[in-house]
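Enquirer: The structure's right below; bear with me while I get my questions together.
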Amino acid sequence: MRAVLLLLAFVTVALPAESRRRAAGRGPALVTIQDDFRNGQLGWVADFADYSPASAPTMELDAGMRPLPPELGTPGTGFFLTGHNRSDDLFMFLAKKLTQADGILPRQAYELTFRIVLASNAGSHCIGAGGAPGESVYLKAGATGTEPQVSLDDSNHYQVNFDKANQSQSGMEVSVAGDIANGTSDCSGDAPFVSIERTHRHAQPVTSSPFGEIWLIVGTDSGFEGKTTLYYQEVEAALTPR
């Protein structure tokens with residue numbers, strides 16, 4: 001998987017890493033995205049789901065561009081997401097709209113692969129309420145041909161309008177790409193952040209809208225009943241026409 005993404009980067013090496021680009025050729029074209037959040041927000045937006053309005057005041061939800069933690073030794077910014085999972089099922093995610101200007105064709109099915117770099121302070125094999133702060137926070141990635149929205153359902157909980165399934169389960173549009181355990185044994189509440197990398201192939205093809213639109217989605221689905229804080233650093237995606 002890593003080799004495929006490195007090949008894509010080689011093909012497009014003449015352009016800036018954060019730019020949107022399309023491989024030239026006949027027929028439907030491969031579309032690749034290489035976004036580094038040291039260069040800003042780059043069209044990504046954040047949202048939260050799987051919680052009720054009653055629990056919202058205590059969930060400490062926040063998102064936006066922030067300086068990276070100094071212990072990473074990397075200057076610049078990351079896309080910061082944080083939330084305290086009072087609902088036992090908090091979904092925190094980023095989404096980015098791609099259009100025909102990016103090379104997306106109308107009603108085209110795409111296979112997706114991802115490379116995601118993010119900073120986590122959740123150690124490995126730690127014990128937490130409801131589940132581990134690392135292994136029970138599931139990283140997910142995928143895409144949808146419909147604009148992502150969060151709205152209240154009949155049970156008065158905020159839900160997304162795409163199929164991500166719940167926690168360790170994969171949905172048709174968004175699937176499990178790993179977890180946020182950072183490989184250290186530091187389980188303290190003020191543990192330092194460590195950059196981790198995950199590569200992922202989404203199993204199901206995703207079809208763009210009739211207008212040539214598709215939304216990339218990257219996020220975490222948490223079974224850990226505590227606070228999770230992350231800094232997304234890079235997102236690479238390759239969309240291969242099927």
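The values are calculated or read from the model by the stated rules, or taken from the named source; none is laboratory data. The shown structure was predicted, so the numbers you read here are calculated from the model rather than taken from an experiment. FYI the Cβ positions are ideal-geometry reconstructions off the backbone, even for glycines, and counts take in every protein chain you see. Quick note on the areas: whole protein, heavy atoms, side chains included, nothing else; ligands and nucleic acids left out. Shrake-Rupley method; radii C 1.70, N 1.55, O 1.52, S 1.80 Å.
Enquirer: Report in % the part of the accessible area of the chain that belongs to carbon and sulfur, leaving out ligands and nucleic acids; probe 1.4 Å.
Expert: Details: 5490 of 10730 Å².
Solvent-exposed carbon and sulfur of the chain make up 51 percent of the total.
Enquirer: Continuing with this model, one more query. Using a 10 angstrom cutoff on alpha carbons, build the Gaussian network for the chain and name the most mobile of 174, 150, 194.
Expert: 150
Enquirer: With springs only between Cα atoms under 10 Å, which of 220, 82, 74 fluctuates most in a Gaussian network model of the chain?
Expert: The residue with the greatest mean-square fluctuation here is 74.
Enquirer: Taking the Cα atoms of the stretch 32-108, what is the range of coordinates along each of the three principal axes, in descending order and whole Å?
Expert: Extents along the principal axes: 42, 40, 15 Å.
Enquirer: Classify the stretch 24-72 as rounded, prolate or oblate from the Cα gyration tensor: take a ≥ b ≥ c as the square roots of its eigenvalues, call it rounded if a/c is under 1.5, otherwise prolate when a/b beats b/c and oblate if not.
Expert: Details: a/c = 4.36, a/b = 1.68, b/c = 2.59.
It is oblate, given that a/c is not under 1.5 and a/b is not larger than b/c.
Enquirer: Mind running the shape call on the stretch 139-242? Use the C-alpha gyration tensor, a ≥ b ≥ c as the square roots of the eigenvalues: rounded below 1.5 for a/c, prolate if a/b tops b/c, oblate otherwise.
Expert: Details: a/c = 2.38, a/b = 1.43, b/c = 1.67.
Because a/c hits 1.5 or more and a/b fails to exceed b/c, the stretch 139-242 counts as oblate.
Enquirer: Turning to a different aspect of this structure: What are the chymotrypsin sites (Phe, Trp or Tyr not before Pro) within the stretch 146-240 that DSSP puts in a loop, where the Cβ has at most 14 other Cβ atoms within 10 Å? Intermediate results must be reported in sequence, preceding the final value.
Expert: Numbers: sites: 158, 162, 193, 211, 215, 224, 231, 232; in loops: 162, 193, 211, 224.
Those that pass, being in a loop and sparsely packed, are 211.
Enquirer: Using the heavy atoms of the protein chains alone and a 1.4 angstrom probe, what is the accessible area of the stretch 151-242 per residue in square angstrom? Can you show the working numbers first?
Expert: On the way: 4020 Å² over 92 residues.
On a per-residue basis, the stretch 151-242 sits at 44 Å².
Enquirer: While we're looking at this one, here's another question. Which value in Å is the Kirkwood Rh of the stretch 95-200 over different Cα pairs? Numbers along the way, then the final one.
Expert: Numbers: mean 1/r = 0.0628 Å⁻¹.
Taking the inverse mean of 1/r over all distinct Cα pairs, the stretch 95-200 comes out at 15.9 Å.
Enquirer: Using the crude model of +1 on Lys and Arg Cβ and -1 on Asp and Glu Cβ, and no other charge, please compute the dipole size for the stretch 126-242 relative to its Cα centre, in debye to 20.
Expert: Details: 6 positive and 15 negative charges, 53 e Å.
Rounded to the nearest 20 debye, it is 260 debye.
Enquirer: Less than 9 Å Cβ to Cβ from residue 174, Lys/Arg counted +1 and Asp/Glu -1: what total charge do the surrounding residues give?
Expert: Working: positive: 140, 164; negative: 163, 173, 221.
Neighbourhood net charge equals -1.
Enquirer: Moving on. Please give the length that would be gained between residue 66 and residue 186 if that part of the chain were fully extended, namely 0.36 nm times their separation in residues minus their C-alpha to C-alpha distance (nm, one decimal). Intermediate results must be reported in sequence, preceding the final value.
Expert: On the way: separation 120, 0.36 × 120 = 43.20 nm, distance 2.34 nm.
Computed gain between residue 66 and residue 186 is 40.9 nm.
Enquirer: What is the helix-to-structure angle for 2-11, meaning the angle in degrees between its Cα long axis and the longest Cα principal axis of the chain, kept from 0 to 90 and rounded to the nearest 10?
Expert: Approximately 40 degrees, to the nearest 10.
Enquirer: OK, next. So how do 168, 55 rank on accessible area, 1.4 Å probe, biggest first, that is with the largest at the start?
Expert: On the way: 168 65, 55 20 Å².
Heavy-atom accessible area, descending, gives 168, 55.
Enquirer: Now, a different point. For the chain, what's the relative contact order in percent, using C-alpha pairs closer than 8 Å and at least 6 residues apart?
Expert: Working: 654 pairs, mean separation 77.8, N = 242.
In percent, rounded to a whole number, it is 32.
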